[in-house]
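A short write-up of the structure that comes next.
Nothing in this text is a laboratory measurement; each read-out follows from the coordinates by a stated rule. What you are looking at is a predicted structure, and each value in this text was computed from that prediction instead of being measured. Ideal geometry is used to build each Cβ from the backbone, glycine not excepted, and the neighbour counts take in all protein chains shown.
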Amino acid sequence: MSEKTHVKNVIILGSAHPLRGGLAAYNQRLAQALLEQDYNVKIITFSLQYPNFLFPGKTQYSTEPKPENFDIEISVNSVNPLNWIKIGRRIKRLNPDILIIKYWIPFMAPCLGTIARIARKNRKTKVISILDNIIPHEKRIGDKMLSGYFVRSVDGFIAMSKEVMGDLDIFDRKRPRLFCPHPLYDHFGELQSKTIAKERLGLDQESRYLLFFGFIRDYKGLDLLLKAMADERIRKRNLKLIVAGEFYSDPKPYFQLITENQLADQVIMANEFIPDNQVADYFNCCDIVVQPYKDATQSGVTQIAYHFEKPMITTNVGGLAEIVPDDKVGFVVNPDTAEISEAIERFYQENKEESFTKQIKVEKLKYSWERMVEVIEHLIRKTDQNDIS
């Protein structure tokens, strides 16, 4: 257990149950880590996260039961300024030592930034932001203005990739910031044999499986991977690609690629949101996880792969290569079809699975949630020394 500061009461402002997805999973796992370190933790989440016309998926809400061990208040409306004032005043009265806000998209800047500004007027609460991105993958007019508004409401930052740490300089150079890589997503279940996982998913036991996992957006490069699967060397192996995740972009070009390249027998499209209780099966059944991203900062998928001790092929964009040492736990390539197919072929030709898995068992020890709590504590001490509120 890390040495405590005077800070004891924490509010996490952001996505949580009944919302679904990686943001909710992160905030709830962080809450668990703080609770394990004897903090008092409350999560204040959205009653409205996105208006339906702005949400690219089928539903924003989880079908799983509410976790019993968390205090979750559902009250934030992302598009109602009167609500922001109300929530800000409520947090100000609750007087927490820390307000933690995970920031991922400029659309949320007015809501989260306004709440933070009001909350910290109690002159006690320190606002800490854990940054997924400060510059979004899918850029729009006004992004920098909005992110700048949010940045000025925060006392200190934790960046989960060195690229985001550098991007933060565009907006601010005075406020304290620390780097801490994304911790493991270790709450999706246990490691099991491929045989059991394949059986649970109704997959052919004789086939070998690659996995593309997560929401499908154009910047994630699924088109590159589908083209790579058409390589004649890969066709000759009994390899199948599982695409497990909901489309957040137009699915037609991807299905067109499958048709044009005659990949129907090689690609399994599992295009629904994968609930938490099925995530383990998809990772346990595969040989390797492929992240052919064209743009990225860091990825929770990488940290799920580490938990399930799965080798990875990833691209050298953003912060992905920082946590996937090349030719140790996987391969790092350019976002290029030929390089992706070459990495897949090399993985099987050189029988890399055993050596990569052995190194993953060592490398994954770096990504603990206890380490994230320690970095939060360190950052609070730095904000105390550099108070610019």
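The amide H of Ile288, built 1.01 Å from its N in the peptide plane, has Leu211 as neighbours under 5 Å, considering only residues 5 or more places off or on other chains.
Using C-alpha pairs under 8 Å with a sequence gap of at least 6, the mean separation divided by the residue count of the chain gives a relative contact order of 15 percent. Dividing the helix sum by the residues of the chain, where each DSSP H run of 4 or more adds -39500 (n - 2.57), gives a mean residue ellipticity at 222 nm of -11000 deg cm²/dmol. The shape of segment 197-271 comes out oblate: with a ≥ b ≥ c from the C-alpha gyration tensor, a/c is at least 1.5 while a/b does not beat b/c. Ranked by the mean number of other Cβ atoms within 10 Å of their residues, highest first, the peptides 209-216, 273-280 fall in the order 209-216, 273-280. Kindly list the residues of segment 239-267 that lie in the label zone of Asp223, defined by a backbone N under 16 Å from the point 7 Å along the Cα-to-C-beta vector. From segment 239-267, the list is 248-261. Fully extending the segment from Phe179 to Lys366, taken as 0.36 nm per residue of separation minus the present Cα-Cα distance, adds 66.0 nm.
With 26 Å as the limit on Cα-Cα distance, the pairs of Lys102/Lys220; Lys42/Lys162; Lys66/Lys220; Lys162/Lys194 that go past it are Lys42/Lys162; Lys66/Lys220; Lys162/Lys194. Within the chain, what's the longest stretch lacking GluC sites (Glu not before Pro) that sit in DSSP loops with no more than 14 other Cβ atoms inside 10 Å? Value returned for the longest uninterrupted segment is 273-349.
Across segment 146-279, counting alpha-carbon atoms alone, Rg and Dmax equal 19.9, 57 Å. One quarter of the convex hull surface built on the alpha carbon atoms of segment 194-366 amounts to 9.0 nm², the projected area averaged over directions.
The chain has equivalent-ellipsoid semi-axes of 38, 21, 20 Å, by the square roots of 5 times the alpha carbon gyration tensor eigenvalues, sorted largest first.
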